[in-house]
Ligand code: GLN
């Protein structure tokens, strides 16, 4: 059997199993077992596949057929050009969150002196690591801290910082509980799905991402209330809070922060045109 025939077999199986991105996923799994990127695949597609590679590919395809997320099979997700290890202990980094990291980077460029950044609910560490790396690349002096309540998540985040050579201080903390000091930017993609809505999510999300990374309490806004209540004590003058929010939470998140005395709040859209981010300036 050639690589091309094997790939087609995988595509057909995933399509029959109702996997929406069947062709892409089949290729990414082929790439995972072969080490070939698109270009190298084209060079080798007519060659015979060694039996052990074909077996490995079929095992991956079977897992994907049973709706195990691709990232849990390959163990990685690319985010902003960096590879992040993922396990069921952390939220799989999402594309829209890259835009949140981008916002933090652009704001950080305008801060004079050392830029202090805190990433709350860091999960895989994707935001903290990306922002730190991008600032390092631009020779912007920064200090980055990242916290999570989960030891297992912090373990993965630590590995991701190591893998990407990003210097981050990790803190085990339930929101601000163990956070000392003040920051120029507090960034967070906290859990924001209303508890009852989680049951209606795609099984690949609700059964495979950690529940605690999704669950934002009864109305989904629990963590925004905590941040609105406690962030001022951890922000420098002219500090900034950057949050990812649900597409229908913009006005309610703005209200939560305005009630806590933050006068300057803007809700921004993601590339799909949905409200997705809140930018809140220190009064
Ligand atoms: N900060 C991580 C991410 O954006 C994890 C977020 C979470 O667990 N809610 O992917």
Sort out which residues of region 82-97 are under 8 Å from the mean Cα position of the chain (by Cα), outside any loop (DSSP other than H, G, I, E, B) and within 9 Å of the ligand (Cβ to nearest atom), and write them in order of number. 97
So which residues in region 64-81 are within 11 Å of the ligand (Cβ to nearest atom) and farther than 20 Å from residue 136 by Cβ? 77
Would you check if residue 46 is outside any loop (DSSP other than H, G, I, E, B) and more than 11 Å from the ligand (Cβ to nearest atom)? no
Looking at 193, 171, can you tell me which residue is in contact with a helix residue (DSSP H, G or I) (Cβ under 7 Å, 6 or more places away or on another chain) and within 16 Å of the ligand (Cβ to nearest atom)? 193
Please give the number of the condition residue 146 fails out of (1) more than 20 Å from residue 130 (Cα to Cα); (2) without any contact (Cβ under 8 Å) to a residue 60 or more places away in the chain. (1)
Condition set at pLDDT below 95 and surrounded by fewer than 19 Cβ atoms within 10 Å (Cβ to Cβ), scope region 140-160, selection farthest from the ligand (Cβ to nearest atom): answer is 141
Within region 129-139, tally of residues that are touching a residue at least 12 places away in the same chain (Cβ under 8 Å) and surrounded by fewer than 16 Cβ atoms within 10 Å (Cβ to Cβ): 2
So which residues in region 117-131 are on the phi < 0 side of the Ramachandran plot and either within 13 Å of the chain's Cα centre (by Cα) or within 11 Å of the ligand (Cβ to nearest atom) (or both)? 119, 120, 122, 124, 126, 127, 128, 129, 130, 131
Leading residue by the ranking (modelled with the highest pLDDT) among those in region 196-213 that are under 16 Å from residue 248 (Cα atoms) and within 14 Å of the ligand (Cβ to nearest atom): 198
Scanning for something within 15 Å of the ligand (Cβ to nearest atom) and more than 24 Å from residue 266 (Cα to Cα), does region 98-116 turn up at least one residue? no
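The values are calculated or read from the model by the stated rules, or taken from the named source; none is laboratory data. None of these values were measured; they are calculated from a predicted model. As a convention, Cβ positions derive from the backbone with ideal geometry for all residues, glycine included, and neighbour counts pool all protein chains shown.
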